[in-house]
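Quick notes on the structure that follows.
The values are calculated or read from the model by the stated rules, or taken from the named source; none is laboratory data. In this text the structure is predicted, and so the values were computed from the model without any measurement. Using ideal geometry, Cβ is built from the backbone for each residue, glycine included, and neighbour counts are taken over all protein chains shown.
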Amino acid sequence: MKINKLIDHTLLKAFATKADIEKLCREAVQYDFQSVCVNPANVSLAKNFLKGSNVLVCTVIGFPLGANTIETKMVETADAIKNGADEIDMVINISKAKEREYKYIEEEIKAVVSAAQGRTVKVILETCYLSEDEKIACCLAAQRAGAQFVKTSTGFGTGGAIITDVLTMRQAVGPNMGVKASGGIKTKADVDAFVKAGATRIGTSNGVQIMTDSAPQESY
């Protein structure tokens with residue numbers, strides 16, 4: 001797959017304006033990225049800007065802490081779909097993962113998958129907070145729940161994607177489930193390394209810089 005189709009071109013800053021979202025979408029169309037990833041309030045805006053293009057609209061659910069109730073995540077997902085979201089990146093309840101309540105994790109993912117009505121669901125583990133065993137168990141919960149991807153990070157935690165986490169996640173889910181690396185991916189060399197480790201999607205706000213091999217501008 002071409003590198004551009006691996007990229008979810010991302011803008012999740014709280015202060016992103018309409019002009020910022022329009023710029024993000026123009027860049028996504030120019031480079032034919034797989035998607036733009038925006039906050040829920042910007043889904044309909046992005047959908048309108050991307051009308052007639054091949055670029056998908058991705059949004060985030062329970063973001064960035066994952067501490068919403070299952071019911072809230074379901075409502076948020078349904079609203080995002082109504083507004084035009086094509087893909088859903090949901091944050092798990094990290095405290096439940098730390099308490100090893102993996103049945104809860106599985107149930108909340110299953111609920112979001114149901115609310116997504118067949119759209120792609122990516123499950124954000126926020127790996128910087130989890131032990132190796134917890135990462136593996138959450139990957140398996142996501143797989144059982146019917147999600148299409150597991151994802152490393154929000155980009156708002158204490159750490160982003162690292163190669164060893166992607167290797168762990170790929171080994172846990174096997175060859176047929178997607179693995180998205182996100183958080184701190186800034187260069188083409190970074191992308192190549194994560195793809196080699198098993199990532200099949202990249203979340204980054206440095207998509208243009210990656211495509212043009214220029215200096216990164218953003219930390220996510």
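Tally time: how many residues in the stretch 187-209 are under 16 Å from the mean Cα position of the chain (by Cα) and either outside any helix (DSSP H, G or I) or closer than 22 Å to Glu132 by Cα (or both)?
Just the residues of the stretch 187-209 that are under 16 Å from the mean Cα position of the chain (by Cα), to begin with: 191, 194-195, 198-207.
Those left that are additionally either outside any helix (DSSP H, G or I) or closer than 22 Å to Glu132 by Cα (or both): 194-195, 198-206.
Qualifying residue count, the stretch 187-209: 11.
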From the set of residues in the stretch 76-91 that are free of Cβ contacts under 8 Å to residues at least 40 places away in the same chain and part of a helix (DSSP H, G or I), which is nearest to the chain's Cα centre (by Cα)?
Thr77
Go through the stretch 154-186 and count every residue that is in a helix (DSSP H, G or I), over 10 Å from Cys139 (Cβ atoms) and in contact with a Gly (Cβ under 8 Å, 6 or more places away or on another chain).
2
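Would you call Ala67 out of contact with any Asp or Glu (no Cβ under 6 Å at 6 or more places or on another chain), among the hydrophobic types (A, V, I, L, M, F, W, C), buried (at least 19 other Cβ atoms within 10 Å of the Cβ) and modelled with pLDDT of 95 or more? Break it down into steps so the answer makes sense when it comes.
On the way: out of contact with any Asp or Glu (no Cβ under 6 Å at 6 or more places or on another chain): yes; among the hydrophobic types (A, V, I, L, M, F, W, C): yes; buried (at least 19 other Cβ atoms within 10 Å of the Cβ): no; modelled with pLDDT of 95 or more: yes.
No; evaluated as a whole, the condition is false for this residue.
Could you please give the count of residues in the stretch 112-131 that are assigned to a helix (DSSP H, G or I) and touching a Ser or Thr at 6+ places or on another chain (Cβ under 6 Å)? Lay out the reasoning, then the answer.
Step one: list which residues in the stretch 112-131 are assigned to a helix (DSSP H, G or I), which gives 112-115, 127-129.
Checking the rest, the ones that are also touching a Ser or Thr at 6+ places or on another chain (Cβ under 6 Å) come to 112, 115, 127-128.
Residues in the stretch 112-131 being assigned to a helix (DSSP H, G or I) and touching a Ser or Thr at 6+ places or on another chain (Cβ under 6 Å): 4 in total.
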